[in-house]
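Written below as structure tokens is the structure these notes are about.
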Amino acid sequence: MSETAFSIRQLRAEDWVAFRALRLKALETVPTAFGASQEEDAALSPEALRERLERAPSAVFGAFAGDSLIGMAGFHAQLGAKRRHRGLLWGVFVEEAYRGRGCARRLVERVILHAGEHVVVLEAGVTAGNRNAAALYESLGFRISGLIQKALRIDGAFHDEILLALDLEERASPSRG
């Protein structure tokens, strides 16, 4: 499919209602793709959601078709002196009607750009079997760094998680021929 016109921007506290609705939809429709459960996120207060959207340097980016939030991807900056060089790509989701049009790629690229201003390594996790997400991340330079067996337990079934990492310093350096 061809790319559809949509815009990408960082979500702010005032976007919390649209963010919550899309996040809950994501957790319901593809529960194996996320570490959180729909019940956990549904219990978050409006204040907690607004804080999540304003906790710099962490950020959540949204894809909009007109005024409708149709996709999202988050960046979480690690804390502490020994880990602050690392960040996490999380919560990537695009509404089904907009998949295959470059939206997820643009969202992840935006997270990578933002992460490059704050961390050296961007990490991600993909449930084993989620080939589309793994292929997208690898096409953007992420490399497999490990596997957590039985990382998630959903309805009694275990799911492994593939760990990926993107070295942002290496990515920014011109390749040596």
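The values are calculated or read from the model by the stated rules, or taken from the named source; none is laboratory data. Only a predicted model underlies this, so the values are computations on that prediction, with no experimental measurement involved. Neighbour counts are summed over all protein chains in view; Cβ atoms, including those assigned to glycine, are modelled from backbone coordinates with ideal geometry.
Go through the residues of the stretch 64-76 one by one and say whether even a single one is crowded, with 20+ Cβ neighbours inside 10 Å, within 20 Å of Leu22 (Cα to Cα) and β-branched (Val, Ile, Thr).
Scanning the stretch 64-76, I find at least one residue that is crowded, with 20+ Cβ neighbours inside 10 Å, within 20 Å of Leu22 (Cα to Cα) and β-branched (Val, Ile, Thr), so the answer is yes.
Take the stretch 24-81 and flag every residue that is polar (S, T, N, Q) and under 13 Å from Arg9 (Cα atoms). Give the steps one after another, and end with the answer.
Here is the first cut: in the stretch 24-81, the ones polar (S, T, N, Q) are 29, 32, 37-38, 45, 58, 68, 78.
The answer is Ser68, and nothing else.
Only one residue in Gly91, Gly102 is closer than 24 Å to Ala128 by Cβ, surrounded by 14 or more Cβ atoms within 10 Å (Cβ to Cβ) and either among the hydroxyl-bearing types (Ser, Thr, Tyr) or within 17 Å of the chain's Cα centre (by Cα) (or both). Which one?
Going through Gly91, Gly102 in turn, the sole match is Gly91.
If a residue has to be modelled with pLDDT of 95 or more, under 18 Å from Arg105 (Cβ atoms) and not polar (S, T, N, Q) to count, how many in the stretch 2-21 make the cut?
Residues flagged as modelled with pLDDT of 95 or more, under 18 Å from Arg105 (Cβ atoms) and not polar (S, T, N, Q) within the stretch 2-21 amount to 2.
Could you check how many residues of the stretch 61-87 are within 11 Å of Ala115 (Cα to Cα) and in contact with a helix residue (DSSP H, G or I) (Cβ under 9 Å, 6 or more places away or on another chain)?
The number of residues fulfilling the criteria is 4.
Answer yes or no: is there a residue in the stretch 115-130 that is at pLDDT below 95 and under 15 Å from the mean Cα position of the chain (by Cα).
Yes, the stretch 115-130 has at least one match.
Return the only residue of Leu44, Leu53, Leu147, Leu69 being closer than 20 Å to Leu27 by Cα and in a strand (DSSP E or B).
Residue meeting the stated conditions: Leu69.
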